[in-house]
Amino acid sequence: MINNLNKKEINVKKRLFKMTLFILIIIMSLFIFSSVSINLLRKINKQFHVDNIHSLMNEYKLNIDNQLNSDIEKLISLSYFLNNNDSINIDNFVNSLKDYSNNGDFVRISYYLLSNDYMSVISSNNDHYNKNIADLRIELKNLIQDCYTNKVPTISEVYFDYEFNDYFISYSVPIFNSSNEIVGVLSASRFLDVFFNILDSPTIFNKKLNIDWINSNGEFISWSKESLLDTKLSTIYDSNHVSDNEQLNIKNNIENNAYFQSSLSYKNKDYDLFFIPLKFNNWYLIYLDKLAVFDKPVSKLLDSINLFTALIVITILILLASILLYIKNNNKELMLLAYSDKLTGAYNFEKFSSSAVELLSLNDKQYSFVTLNIRHFQFINTILGTENADLLLIYISEVLNKSIHSDEVYCRYNADQFYLLLHATNKDELLNRVSKIVNDIIEYINNKINMNYPLSLYSGIAIHDETFINDSNALEVFNTLIYRAEFTQKHIEEEYESSIVLYDENMHKAKLLYKSIEMDMLSALENEEFKLFLQPKMDFKTNIITSAEALVRWIKDDGSVIYPDEFIPVFEKNGFCTKLDIYMLEKAFQKIRSWIDNGKKPIPISVNQTKLLFYQADYIDTLSTFVNKYNIPKKMIVLEFTESLATDNIDDLNKTLSKLKELGFVISLDDFGSGYSSLNILSSLNIDEVKFDRVFLQKNSDNDKYKSTIMNLVNLSKDLSLSTVMEGVESKEDELFLKEIGCNYGQGYFYSKPISSDEFDEKFIYKN
Ligand code: C2E
Ligand code: CA
Ligand code: CA
C-alpha cells in the first residue's frame, strides 16, 4: 500500500510519455513522409524543368545551326559553279554573284583566286570592286587563310565592320578545279540580325527563352533582351558572378564542346546556367535559369502543400502540448487530492508513508517516529462542537507544519492522531523538540480558541536505533517505528501519567507477555496446564516435614514453565486469579483425599488465596461444597491471605474468616513484613498463623536489626497464640537462628524447592 501512489503516479507518467512519444513518432513520420515526397516531386519537377530547358535550347541551337548550315550550303552551291568552269569568265561570275547578292542573304560576297592577290568583292548594294588582299581586315584574311589551308568551309568570329558600322560574320568555302585542286576561296558576310531574330522568337511550343550567345573564349556575342543581369557581362568568366571553380568547369567543358550546366551567383542568389554548344567555332548558347519561369505553378503547389503540412504539424504539436499540460495539471490536482488530508491540508497517511520510507532509505537514516494525540478528543468534540474541533485540528496542523524541517514529514492519520517523522535520534533532543511542539500547539490554540477545558496532548516516540535489525529495509523500519510509537502512545493513554514517552523495549516485552498470558489463560485452565507444586514445611519441634505449601506452575504444551511471579499479577489485575485459586484449592483437596484413600497419613496443605475472593458472594459456598465433596479431616487446608486484605473493613473480614474456620480451614497471614505491615493486624484479625516474609532472612547490613525485629515478632505472635512460619530458609544457620528464637515452622530451599506433587509424594509421603 505504501508506495502504491508513487507507483500510480509513475505509471501515469510512463503512459503519458509513451502516448506522447507515439503521437510524436506518427507526426514526425507524416512530416518526413510528406517532406520526402515533396522533395521527390521537386526533383522530378526540376528534372522535367531541366529537360524542358534542354529541349527548348536545342530548338534555338538547331535554328541557328541550320541558318549557319544553309548559309554555307548556299556558298557551296555557288562554289560548284566555279568548280565546273576551269576557265572562269570573271565577268560572268561577277554577274552571277551579283544575282546572289541581290537575294539579300549576304551583305558582301568575295571571290579570291589563288593566282590573284586581290579579291573580287560584290557587296549587297551591287558594287563590284576589287580589293587588294593586303588591305583586307585581319579577320577576313585569317578566314580565307584557314579555309584555304584546311580546304573546308569556315566561319569567322563575329567582328565589327567599320565600312558598314555593324557586326558581321563571314563564311568561306574552298573552290576546286576539275582535278580537285584548290584554286580559290569564296567568301560571304552577313549581318547578325538573322540570328538575333532566331534568338528573339518563340519556340514551336510558343515558349521563349532568354538566350545569350557566347564564343569559345566565353565572350558574349549577344545578350538576350531580358537578361537577368542588370549589367551586361562582357565575358562569362566574370569573377564577380562566377566562382573560380565554375570558371574552370566552364572552360573545360567548352574545350570539349560539351552540353553542360554551371551556376552563377547574382545578388546573393545562385542561378543555374545552361550551356549548349553550336555546331561551329565552339560557340555556345547559354541560358540563365530563373527557375520560377516554368515550374512556378507546381512549385507554388508544392510550397503550399509543404506549408499546409507544416501548419498541420504545428497545430497538432500545439494541441498535443496543451493536452499534455492539461493532463499534467489535472494529474497534479488529482495527486494533490489523493495525497492530502481534506480537513487540514496536511499529507494523508499514504503520502506520508511513501515520503517517510523514502527519507528512511537515505544514507544517514537518523530518523525517529513521533505520534501525537489529544486526550479526551471525543469529549472536546462535544463541548466545542464539530466545527471548532475541526479548527483545533487545523491549528495543530499549522503548528506542526511550522515546526518540522525540510527533511521531515508529518500527517494526520485519522481523527486526532498525527504522525511525525523527525530527523533526530538523540533522546534528549527529541524530548525537547516534541515538548516544544506540544507547548507551541497548546499556546497557539489557547490564543485562537476559547475553551474552558485544558488541552492535553500525549506522544509516543520511537527512535531508529541499534535495536533495529541491520539489514531491514526502509519499509520494514517504517512499519516497526509506527508499531513502536503507537504502542508507546497506547501505553501512556492508559496510564495517564506522562505526556511524552520514549519507546522502551523492556516495557514492550512485558506488555507482550501480559497480552499473551491474558490470551492463553482460559484455554490453559481448560487444558489443565496449571500444575500443583508443593514445597514442604519443617516442624522445628519434631524436625520432620509436617505440612506443605501449594504453589502453581504453568507448564505449557511445549514443556516451558512460567512462574507465578509472571502471571499472578496479571491475573490479579484481570480477576482471573479467583478462578485459578479455586482450581488450585480443589487440587489440594484432591491431593489430601488421594493420600487418605491410599492409606497414608495426610499432612496439611497451605493454599494461596487472592483477596479478590473475598468480594465474591459465592466464595464460602464454593468452599463448603469442596468440604462436603472431599470429606477430609478438618484443619487439613490452610488458606493464605496477604496482609493487603486488612485494608478493608476488619469486622466484615473477620466474619468471613470465622465462617471459613467453622468450615474447618486454618487461616494464615502471608508475607508479613514485606509491605507496610502493622502490628495491629496480628491482634485484630481472626487468624491462626503468621508467615513472615523471607526479607527477614536476607543477608544485609542491617542483619542484626532484622534479627531482633523477627525475634520480637515471634514473641508477639506467641503471645497472641498464633503459630509462626518463616519463609526463605536457605541454610543451617537460618534454621538454628529460627529454632533459637522459638519459631514453629520453616519453609525454604534448605529443605526443598517447590516440586511437582508427584515428586512430593515420592519424597515425603510414600518414601517408606
Ligand atoms: P509466596 O506465597 O510467598 O510463595 C513462596 C515463594 O517463595 C515461592 O515462589 C517459592 O518458590 C519461594 N521460595 C521458597 N523457598 C525459598 C527460598 O529458600 N529462597 C527464595 N528466595 N525463595 C523461596 P513462587 O512459587 O515463585 O511463588 C511466588 C508467589 O506467587 C507466591 O509467593 C504467591 O504469592 C504467589 N502464588 C503462587 N501460587 C499461587 C496460587 O496458586 N494462587 C495465588 N493467589 N498466588 C500464588
Ligand atoms: Ca504463600
Ligand atoms: Ca509468602
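Only the coordinates and a few stated rules stand behind these numbers; no lab work does. Everything numeric in this text was worked out from a predicted model, so none of it was measured. Counting neighbours? That spans all protein chains shown, and the Cβs are built from the backbone with ideal geometry, glycine included.
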- Rounded to the nearest Å, the spacing of the alpha-carbon centers of segment 135-190 and segment 508-571 is 149
- Query: Of G385, A258, N479, which is farthest along the charge dipole of the chain in the positive direction, counting Lys and Arg as +1 and Asp and Glu as -1 at C-beta?
  - Reply: G385
- Query: Considering only Cα-Cα distances, which of the following residue pairs are longer than 26 Å: K655/K705; K705/K763; K490/K556; K629/K659; K699/K767?
  - Reply: K655/K705; K705/K763; K490/K556; K699/K767
- Task: Let me know the whole percent of all Cα-Cα pairs from segment 349-503 that are separated by more than 21 Å.
- Result: 43
- Note on the structure: The Cα extents of the chain along the principal axes, largest first and rounded to whole Å, are 198, 69, 50
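Over segment 514-765, what is the relative contact order in percent, taking alpha-carbon pairs closer than 8 angstrom and at least six residues apart? Walk me through the intermediate numbers first.
Working: 379 pairs, mean separation 49.1, N = 252.
Contact order relative to length: 19 percent.
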- Task: Just report the Cα centroid separation between segment 308-331 and segment 579-627, whole Å.
- Result: 90
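What are the trypsin sites (Lys or Arg not before Pro) within segment 602-692 that DSSP puts in a loop, where the Cβ has at most 16 other Cβ atoms within 10 Å? Can you show the working numbers first?
On the way: sites: K611, K629, K634, K635, K655, K659, K661, K691; in loops: K634, K635.
Answer in residue order: K634, K635.
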- Task: For segment 514-765, build the convex hull from the C-alpha positions and give me its volume per residue in Å³.
- Result: 140
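Using only DSSP helix segments of four residues or longer, with each worth -39500 (n - 2.57), what per-residue ellipticity at 222 nm results for the chain after dividing by its residue count and rounding to 500?
On the way: 20 runs with 372 residues, N = 768.
After summing the helix terms and dividing by residue count, I get -16500 deg cm²/dmol.
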- Query: Roughly how many whole Å is it from the C-alpha centroid of segment 348-414 to that of segment 436-477?
  - Reply: 8
- Item | Integer Hz, Karplus 6.51/-1.76/1.60 couplings in order for segment 366-371, x for Gly and Pro | 7, 10, 9, 10, 10, 9
- S678 and I314 label points (each 7 Å along its Cα→Cβ direction) are spaced in nm at 10.3
- Message: Going by amide H atoms built from the backbone, whose H comes under 5 Å of the H on S606, apart from near neighbours?
- Response: A548, E549, A550, V638
- Message: In whole Hz and in residue order, list the ³J(HN,Hα) couplings for segment 750-756 that follow from phi through the Karplus curve 6.51 cos²θ - 1.76 cosθ + 1.60, θ = phi - 60°; x for Gly and Pro.
- Response: 4, 9, 5, 6, x, 10, 4
- Query: In terms of Cα to Cα distance under 25 Å, which lysines are near enough to K328, apart from those fewer than 8 places away along the same chain?
  - Reply: K7, K8, K13, K14, K18, K342, K351
- Message: Need one number: nm distance between label points at H54 and Y563, each 7 Å from Cα along Cα→Cβ, rounded to one decimal.
- Response: 11.6
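Ranking T578, T20 by Cβ neighbours within 10 Å, fewest first, what do you get?
Listed from fewest to most nearby Cβ atoms, that is T20, T578.
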- Message: Output the 0 to 90 degree angle, nearest 10, between the alpha-carbon long axis of helix 577-597 and the longest principal axis computed from the alpha carbons of the chain.
- Response: 50
- Message: Loop only by DSSP, 16 or fewer other Cβ within 10 Å of the Cβ. Give me the GluC sites (Glu not before Pro) in segment 193-282 that pass, ordered by residue number.
- Response: E226
- Query: Any idea what diffusion coefficient segment 353-440 gets from Stokes-Einstein, in µm²/s, Kirkwood Rh on alpha carbon pairs, 10 °C, 1.306 mPa s?
  - Reply: 113
- Message: For a 20 Å ceiling on Cα separation, which of these pairs sit above it: K537/K732; K531/K587; K601/K732?
- Response: K601/K732
- Query: Once you treat every alpha carbon in segment 413-478 as an equal point and sum by Debye, what is log10 I(q)/I(0) at q = 0.29 Å⁻¹?
  - Reply: -1.35
- Note on the structure: Plugging the Cβ-Cβ distance of Y266 and S216 into 1/(1 + (r/R0)^6) at R0 = 22 Å yields, to the nearest 0.05, a FRET efficiency of 0.40
- Task: For F22 and D303, calculate 0.36 nm times their separation in residues minus their Cα-Cα distance, and state this gained length in nm to one decimal.
- Result: 98.4 nm
- Item | Student exercise, segment 514-765 dipole from Lys, Arg, Asp, Glu Cβ charges, in Debye to nearest 20 | 700
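Want the number for K515 to K225: 0.36 nm per residue separation, take away the alpha-carbon distance, what's left?
Numbers: separation 290, 0.36 × 290 = 104.40 nm, distance 11.43 nm.
Difference between extended and current length: 93.0 nm.
Using Cα pairs under 8 angstrom and six or more residues apart, how large is the relative contact order of the chain, in percent? The partial results should precede the final answer.
Details: 1066 pairs, mean separation 54.3, N = 768.
Answer for the chain is 7 percent.
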- Beta bridges per DSSP with both ends in the chain, % antiparallel, nearest 5: 75
- Angle in degrees between helix 244-255 and the longest Cα principal axis of the chain, rounded to the nearest 10: 40
